[in-house]
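The values are calculated or read from the model by the stated rules, or taken from the named source; none is laboratory data. Note that the structure is predicted; figures quoted are calculated from it, not measured. Methodologically, a virtual Cβ is constructed for each residue, glycine included, from the backbone with ideal geometry; neighbour enumeration extends over all protein chains shown. With ligands, DNA and RNA removed, areas are computed over all heavy atoms of the protein, side chains included. Shrake-Rupley method; radii C 1.70, N 1.55, O 1.52, S 1.80 Å.
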Amino acid sequence: FSLYVILHSSTTTGSASPVPNSYESVEGGGYSGTSLQASLRHLHPYSQPFPSLSELSSALGGLGGVSELEAETLRPVNLLQERNILPPKHAPPPEPNLSNDLRKVNCSPDTFRCTLTNIPQTQALLNKARLPLGLLLHPFRDLTQLPVITSNTIVRCRSCRTYINPFVSFLDQRRWKCNLCYRVNDVPDEFMYNPVTRSYGEPHKRPEVQNSTVEFIASSDYMLRPPQPAVYLFVLDVSHNAVESGYLNVFCQSLLDNLEKLPGDTRTRIGFVTFDSTVHFYNLQEGLSQPQMLLVSDIDDVFIPTHDNLLVNLKESKELVKDLLNALPGMFTHTRETQSALGPALQAAYKLMCPTGGRVSVFQTQLPTLGAGLLQSREDPNLRSSTKNVQHLGPATDFYKKLALDCSGQQIGVDLFLLSSQYSDLASLACVSKYSAGSVFYYPSFHHVHNTAQSQKFQKDLQRYLTRKIGFEAVMRIRCTKGLSIHTFHGNFFVRSTDLLSLANVNPDSGFAVQMSIEESLADTSLACFQAALLYTSSKGKRRIRVHTLCLPVVSQLSEVFAGADIQAITCLLANMAIDRSISSSLSDARDALVNAVVDCLTAYRANGSNIQPSGLITPAALRLFPLYVLALLKQKALRTGTSTRLDERVFSMCELKSQPLLQIMRMAHPDLYRIDNMTEQAALHLNDSVIPQPPLLQLTAEKLTREGAFLMDCGSVMFLWVGKCCNETFIRDVLGYPNYASLPSNMTEIPELQTMYSERTRAFISWLLESRTFHPAFHVIKDDTSAKTSFFQHLVEDRTESAFSYYEFLLHIQQQMSK
């Protein structure tokens with residue numbers, strides 16, 4: 001009853017695809033649905049044996065013995081005795097044990113991470129380690145440096161279609177050997193010239209072979225049709241509920257502020273649909289004196305009232321668009337309409353966008369009550385803190401998934417913004433984004449006046465959302481060394497064929513994960529490589545291919561597999577697997593599987609790893625945070641039981657775990673806690689004239705809090721500043737701007753900009769935390785005596801609650817399970 005068996009639920013959405021596999025030929029899989037490995041077995045015998053790889057400069061530094069680094073990662077740690085295992089600073093991801101030359105050109109861990117930085121030679125060795133093998137990707141993230149290649153020839157392996165990369169080997173100037181399938185290929189003439197150095201005859205110095213992340217400008221061979229323009233359609237709920245929440249004012253103002261910054265070119269098109277019990281379209285034809293509203297009341301058979309001027313050229317109709325955005329918030333002020341025909345509005349959006357493809361942004365504030373896709377409330381508030389199984393984690397209807405697949409087939413991505421104070425069945429609604437490669441945003445209890453933190457977050461999120469980079473009509477394929485195979489994908493997309501992900505839209509904030517197995521022994525090679533290729537149309541109408549290649553050593557010893565474990569990547573992959581399991585089976589099964597993952601791995605280590613058998617719970621240093629991170633996942637909104645959790649909030653948390661990049665998932669699961677009332681310049685960073693204090697990370701337990709202090713907790717999408725009752729008055733005055741603790745209001749949602757050293761230091765630290773982040777968290781200042789403090793204390797994962805273990809109790813539970 002091992003983890004691999006119980007978590008092996010495929011997340012592919014059925015291989016029957018709604019559109020022909022025409023992109024197959026474009027990105028060049030060319031294997032008509034069989035897996036790459038299976039196809040390779042039918043190729044000619046190799047013209048020469050597997051590479052000795054001496055040409056890659058004895059790739060594994062320190063083969064002669066265990067390196068110092070490895071000795072440290074294998075140091076046995078008794079978790080029951082070592083209580084302070086959290087490092088004071090964020091530990092960097094493990095560095096693969098490669099030669100310096102390879103290390104220098106390897107892919108950044110921010111883009112591409114593997115759960116095991118030492119790849120086991122065989123599936124048997126992987127099974128022995130009882131650790132999951134998979135990749136975490138952030139393929140379209142914002143980059144400060146990106147080599148863009150504009151040559152006419154994109155050099156690829158003739159057999160497996162891998163793009164040339166730093167880990168291929170040149171047999172001579174005219175021949176290169178593929179690092180994934182080992183085929184020998186010819187170097188084309190054009191590749192002999194290096195545009196960077198302007199010299200001839202050095203193919204190994206070209207940018208494609210010097211950088212593991214590159215972007216090619218693609219030729220017409222990589223297009224099925226001329227590149228589409230950027231097309232944006234906004235679908236807005238204008239029912240009484242929506243108007244009352246005030247989101248329309250925030251949305252219209254935000255779009256007005258960012259209209260000039262929408263990614264695109266002179267062809268960019270824009271349109272608006274609003275809905276309540278009927279669906280309304282807006283004619284924005286250039287030359288009209290004001291926008292014209294067209295109302296369609298037949299929601300059972302929704303039709304497009306006119307095919308012209310509902311999606312208009314933004315440049316030509318900009319003034320009318322501005323007029324509409326200024327008028328919209330006031331148009332429905334006195335509405336009595338309480339119904340919501342979301343399904344028909346989405347059907348209309350699909351019909352409007354079909355000819356071009358593009359992005360649909362839907363704003364919804366309640367349960368859809370009319371027409372196709374209507375939903376009933378499925379939540380029983382009395383069961384919110386049930387310790388038994390949680391019902392209704394999956395969709396109530398397949399309407400939204402089917403619509404998403406239709407959209408995906410026409411290159412339409414749908415993003416959902418749910419701003420709701422009542423249950424809205426996000427489990428059903430989210431499908432519209434999940435299968436069309438969209439994003440889901442959720443603002444529970446949104447109100448522009450009564451909930452300022454949510455309102456500020458919505459505003460900042462919108463600004464990022466409207467202006468961030470976007471790719472249209474995209475596909476992504478992940479290839480790996482012969483012998484490895486990918487069997488399950490996680491993220492928001494549609495699986496077009498065995499290994500081609502269809503992404504109608506791709507954005508820089510989405511993460512993906514894949515699970516892998518080892519189908520054939522890797523004994524003949526010392527390196528394994530993985531390559532992700534993302535083919536997309538830029539907002540300027542250019543077809544581009546972004547390629548990332550990761551190289552890792554192959555090992556034959558179990559100790560090396562443990563030594564190279566990347567515990568954060570493992571945690572994130574297990575979180576994805578657990579979410580699938582909770583939907584396909586049950587929440588309690590998913591929770592058991594997570595506990596078993598720790599039990600199995602530590603049992604395997606005990607049986608094979610350490611000769612010394614002290615009593616206690618022994619783990620190699622590389623895995624010392626494994627039980628802590630799994631306990632944190634078990635207490636996360638998505639997977640917890642026994643703590644009151646609204647169904648929509650649970651489902652949203654599940655969506656986040658399945659679609660966010662690794663760092664964001666880690667902050668959600670195991671937040672960062674700092675004491676910030678006594679920060680000094682000791683060990684501070686000095687960046688551009690500002691001093692950024694570096695307080696140490698604290699364990700997530702109330703033992704670390706004191707009434708005399710102020711503590712900042714960073715949970716990714718929300719930050720809490722907890723102020724103790726006896727907190728130093730200088731801090732309260734100089735940072736929060738109030739004379740003393742008693743005068744602090746209970747609903748502060750930002751830190752004022754004060755001209756004091758303490759204020760500058762605190763704001764510098766918080767800004768530094770937010771620097772790498774694209775979405776701003778909601779911010780709450782919490783006093784020690786308000787009801788709001790429960791949300792802060794819930795994140796102290798090392799403490800026990802009525803329904804969950806403390807960290808120490810969890811360790812004892814693991815030990816007990818291991819001795820069964």
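For the range 285-328, which positions are in a loop (DSSP other than H, G, I, E, B), closer than 13 Å to L233 by Cα and in contact (Cβ under 8 Å) with a residue 40 or more places away in the chain?
Of all residues in the range 285-328, those in a loop (DSSP other than H, G, I, E, B) come to 285-291, 297-298, 302-311, 314-317.
Next, from what is left, pick out any that are closer than 13 Å to L233 by Cα: 309-311, 314.
Once the filter is applied, which keeps residues that are in a loop (DSSP other than H, G, I, E, B), closer than 13 Å to L233 by Cα and in contact (Cβ under 8 Å) with a residue 40 or more places away in the chain, the range 285-328 yields L310, L311, L314.
Checking N747 against (1) closer than 17 Å to K457 by Cβ; (2) in a helix (DSSP H, G or I); (3) not basic (K, R), only one condition comes out false. Which one?
Condition (2) is where N747 drops out.
What single numbered condition from (1) closer than 30 Å to V414 by Cβ; (2) touching a helix residue (DSSP H, G or I) at 6+ places or on another chain (Cβ under 7 Å); (3) at pLDDT 95 or above fails to hold for T268?
(2)
Of C727, C715, which residue is under 31 Å from the mean Cα position of the chain (by Cα) and surrounded by 17 or more Cβ atoms within 10 Å (Cβ to Cβ)? It would help to see each step written out before you state the result.
Working: C727 fails: under 31 Å from the mean Cα position of the chain (by Cα).
Result of the check over C727, C715: C715.
What are the residues in the range 139-178 that are aliphatic (A, V, I, L, M) and not in a strand (DSSP E or B), if any?
Let us first name the residues in the range 139-178 that are aliphatic (A, V, I, L, M), namely 143, 146, 148-149, 154-155, 164, 168, 171.
The answer is L143, L146, I154, V155, I164, V168.
Would you tally the residues in the range 141-155 being free of Cβ contacts under 8 Å to residues at least 60 places away in the same chain and of a type in the set (A, V, I, L, M, F, W, C)?
The qualifying residues number 1.
For R800, all conditions in the list (1) buried (at least 18 other Cβ atoms within 10 Å of the Cβ); (2) touching an Asp or Glu at 6+ places or on another chain (Cβ under 9 Å); (3) free of Cβ contacts under 8 Å to residues at least 40 places away in the same chain hold save one; what is the number of the exception?
(1)
Does F272 meet the test of being under 30 Å from T162 (Cα atoms), outside any loop (DSSP other than H, G, I, E, B) and touching a residue at least 40 places away in the same chain (Cβ under 8 Å)? Talk me through it step by step, then tell me what you get.
Values: under 30 Å from T162 (Cα atoms): no; outside any loop (DSSP other than H, G, I, E, B): yes; touching a residue at least 40 places away in the same chain (Cβ under 8 Å): yes.
Considered against the rule, which asks whether it is under 30 Å from T162 (Cα atoms), outside any loop (DSSP other than H, G, I, E, B) and touching a residue at least 40 places away in the same chain (Cβ under 8 Å), F272 comes out as no.
All but one of (1) over 22 Å from Q664 (Cα atoms); (2) modelled with pLDDT of 95 or more; (3) of a type outside the set (F, W, Y) hold for H487, so report the exception by its number.
So H487 meets the others, but not (2).
I'd like the residue in the range 213-254 that is small (G, A, S) and either open to solvent by 30 Å² or more (accessible area, probe 1.4 Å) or not in a loop (DSSP other than H, G, I, E, B) (or both) and, out of all such residues, is farthest from L370 (Cα to Cα). Step through it out loud before you land on a result.
Restricting attention to the range 213-254, the residues satisfying the condition of being small (G, A, S) are 218-220, 230, 239, 242, 245-246, 254.
From what is left, the residues that are either open to solvent by 30 Å² or more (accessible area, probe 1.4 Å) or not in a loop (DSSP other than H, G, I, E, B) (or both) are 219-220, 242, 245, 254.
On the way: S219: 46, S220: 45, A242: 16, S245: 21, S254: 29 Å.
Only one residue tops the list, namely S219.
Please go through the range 179-204 and give me each residue that is loosely packed, with under 14 Cβ neighbours inside 10 Å, part of a helix (DSSP H, G or I) and free of Cβ contacts under 8 Å to residues at least 24 places away in the same chain, ordered by number.
Of everything in the range 179-204, just one residue is loosely packed, with under 14 Cβ neighbours inside 10 Å, part of a helix (DSSP H, G or I) and free of Cβ contacts under 8 Å to residues at least 24 places away in the same chain, namely D189.
Mind checking which residues of the range 72-128 are touching a residue at least 12 places away in the same chain (Cβ under 8 Å) and either of a type in the set (G, A, S) or in contact with a Cys (Cβ under 9 Å, 6 or more places away or on another chain) (or both)?
Within the range 72-128, P96, L98, S99, L102, V105, N106, C107, S108, R113, T115 meet the criteria.
Just wondering, is there one or more residues in the range 431-445 that are over 24 Å from the mean Cα position of the chain (by Cα) and over 30 Å from T801 (Cβ atoms)?
no
Looking at (1) more than 22 Å from Q660 (Cα to Cα); (2) open to solvent by 10 Å² or more (accessible area, probe 1.4 Å); (3) not aromatic (F, W, Y), can you tell me which one A528 breaks?
Here A528 meets the rest and fails (2).
Is it fair to say A622 is touching a strand residue (DSSP E or B) at 6+ places or on another chain (Cβ under 6 Å) and touching a residue at least 12 places away in the same chain (Cβ under 8 Å)?
When the stated conditions are applied, A622 passes them.
Open to solvent by 30 Å² or more (accessible area, probe 1.4 Å), within 31 Å of the chain's Cα centre (by Cα) and among the small types (G, A, S): which single residue out of A702, A742 fits that description? Give the derivation first.
Values: A742 fails: within 31 Å of the chain's Cα centre (by Cα).
Every option except A702 fails the conditions.
Scan the range 394-411 residue by residue and report those that are over 20 Å from the mean Cα position of the chain (by Cα) and of a type in the set (A, V, I, L, M).
The answer is A396, L403, L405.
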